[in-house]
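Structure record follows, encoded as structure tokens.
The values are calculated or read from the model by the stated rules, or taken from the named source; none is laboratory data. Only a predicted model underlies this, so the values are computations on that prediction, with no experimental measurement involved. Counting neighbours? That spans all protein chains shown, and the Cβs are built from the backbone with ideal geometry, glycine included. When the accessible area is computed, the model is the full protein with side chains, heavy atoms only, and any ligands, DNA or RNA have been set aside. Shrake-Rupley method; radii C 1.70, N 1.55, O 1.52, S 1.80 Å.
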Amino acid sequence: MIVVLNFGSQFAHLIARRVRDLGVRAEILPGTASLEEIKALSPAGIILSGGPMSVLDDGAPLPDKGVFTLGVPVLGICYGHQAMAHLLGGKVTPGKEREFGKETIKVVAKKGVLKGLSAKEVVWFSHGDQATKLPKGFTVTASTPSCKYAGFMDAKRKFYGIQFHPEVTHTAHGTEVLKNFLFEIVNAKKDWKIKAVGEKIIADIKEEVGDAHVLVGISGGVDSLVAATLIHRAIGNQLHAVFVDTGLLRKGEVEQVSTYLKKHGFKGLHVIDASRIFLSKLSGITDPEQKRKIIGHTFIEVFEKAIEEELADFPIKYLAQGTIYPDRIESAATGKQASKIKSHHNLTLPERFGLKVLEPIKDLYKDEVRRVGATLDLPKELLWRHPFPGPGLAIRIVGEVTPERLEILRDADAVYIEELKKSGEYEKIWQAFAALFPLKVVGVMGDARTYEYVLALRAVDSVDGMSADWHKMPPELLEKISSAIVGKVRGVNRILYDVTQKPPATIEYE
Ligand code: XMP
């Protein structure tokens, strides 16, 4: 496996994903991980990521110098390249010019990670500092007019530094660079195959769980569905699932998921209709954070009651969760919790009921979760559903959530999504949904004036939801969607299309 040491780069995840896409297992550790932690993973190669700081700053995170004594190849990227120069006796100085964006490098030596590249290559830079003196034993492999040592290597010790980012698509032959490192230098094995990954997870669950019983919460989303399917394949009817219908889910979601699970032999599925409880607790509440809190707490209450009432007779030992890799890494790195509902479960349920936590997809990225799901024959329609927030439609109704508003929004959202699917646009969009404002405006129908709700349609292109661009929807399609919603859903007479980016806007409205 490859260890990626993360120095705070937004691209560290991308490096690990690219490595895995090339068939090699990759794990991310904090840049300052101890040598012991790194050695515990027995890496075949180490990649030092980029990062926002300067290696010259006081307190800049640096890798344990011992990584250069393990006898394994090391690739430094951007900040990692400078850290390598800095720690091995070279010199790094603040750059006179900042290089940012696309640049052309001159490949001075088509060797090492740059083997097979052309004399000139388009790459993506983002740096201020640069290496200005090579460490002993190193030779230059690439340069630009303003960065003499854009690439260097010590072929004997198998250390390689590149000032540019091979993991981003703007670097034309970035994949070749990573391939060279993995297969020419590290001689890594291609054993990260998605089918085998799924099979291994199933075998591991069998071994860990034995004849114990497992409880899983189904949310309607992809992660919990894939996690539950993997566990079901491993232990069949020893798995019990609780699906809380909060009344805040998308149209037909509860039926669709539960019908699918039942049809596929899921015997222990408990669908709890708690919509009335949620709605009555949300009555009169307008503050978004208070709504979130109420939903989180109510969810736990309902879930706990279901365990006590419906599952008391089963010897349940594990609580399974659909935690995925970025959830874990982000909460470890920043202390931030990825999903409040997921973390609530983690904190309260296992403790109260003396359960062990089982996280079958904790090492997978979202696209890998979907690919594993596909090897389990889960339908595309369930696997490729857009992300949906834990608090559901409650945060897509600005202000108070009422049964009337929920019904309007749920219907309008369903029409919107159906039109997107019919036109083939759905798959091009990262997340699309309708939102309702607590506002009635004038319209005209026949001879009469109407006062009805205003709806916003949101559709965004994004990679991870951290930043997003508004989706450039064809105008004819927008018109069709708008007519379809106003025609089919009573209570709406005006549709707006949201054209703000994140930042400064967010994806959701609350
Ligand atoms: P924002 O609105 O913050 O959304 O730009 C980014 C992504 O996060 C989802 N989101 C949530 N997910 N609980 C969740 O589980 C929440 O409270 C929550 N708020 C936003 C949102 O749908 C988008 O995918």
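Where residues in the range 189-221 are of a type in the set (Gly, Ala, Ser) and either surrounded by 22 or more Cβ atoms within 10 Å (Cβ to Cβ) or under 21 Å from the mean Cα position of the chain (by Cα) (or both), which of them is nearest to Leu349 (Cα to Cα)?
Top of the filtered list is Gly217.
Tell me which residues, restricted to the range 225-276, are of a type in the set (Gly, Ala, Ser) and in contact with a Pro (Cβ under 7 Å, 6 or more places away or on another chain).
The answer is Ala227, and nothing else.
Can you tell me which of (1) under 24 Å from Ser275 (Cβ atoms); (2) open to solvent by less than 60 Å² (accessible area, probe 1.4 Å); (3) more than 16 Å from the ligand (Cβ to nearest atom) is the one Leu478 doesn't meet?
(1)
Filter the range 446-465 down to the residues that are closer than 15 Å to Tyr416 by Cβ and within 31 Å of the chain's Cα centre (by Cα), then identify the one that is farthest from the ligand (Cβ to nearest atom).
Only one residue fits best here, namely Leu455.
Take the residues of the range 442-465 that are under 30 Å from Pro387 (Cα atoms), at pLDDT below 95 and not charged (D, E, K, R): which is surrounded by the fewest Cβ atoms within 10 Å (Cβ to Cβ)?
Val463
Would you check which residues across the range 378-402 are under 18 Å from Ser219 (Cα atoms) and more than 16 Å from the ligand (Cβ to nearest atom) and list them?
Residues satisfying the conditions are Leu378, Pro379, Lys380, Glu381, Leu382, Leu383.
Please find, among Ile295, Ile307, Ile285, Ile277, the residue that is within 19 Å of Pro403 (Cβ to Cβ) and buried (at least 19 other Cβ atoms within 10 Å of the Cβ).
After ruling out the rest, the residue left standing is Ile295.
I'm trying to understand the selection: among the residues of the range 363-377, which are within 16 Å of the ligand (Cβ to nearest atom) and either in contact with a Ser or Thr (Cβ under 7 Å, 6 or more places away or on another chain) or in a helix (DSSP H, G or I) (or both)?
Correct list: Lys366, Asp367, Val369, Arg370.
Output the helices (runs of 4 or more DSSP H) that fall wholly within the range 257-342 and possess 3 or more residues being under 25 Å from the mean Cα position of the chain (by Cα), at pLDDT 90 or above and not basic (Lys, Arg), or say none.
Answer list for the range 257-342: 288-310.
Taking the residues in the range 490-510 that are away from the ligand (no atom under 16 Å from the Cβ) and in a strand (DSSP E or B) as candidates, determine which candidate is least open to solvent (accessible area, probe 1.4 Å).
Val492
Just checking, which of Ala434, Ala468 is free of Cβ contacts under 8 Å to residues at least 40 places away in the same chain, within 16 Å of the ligand (Cβ to nearest atom) and open to solvent by less than 60 Å² (accessible area, probe 1.4 Å)?
Working: Ala434 fails: free of Cβ contacts under 8 Å to residues at least 40 places away in the same chain.
It is Ala468.
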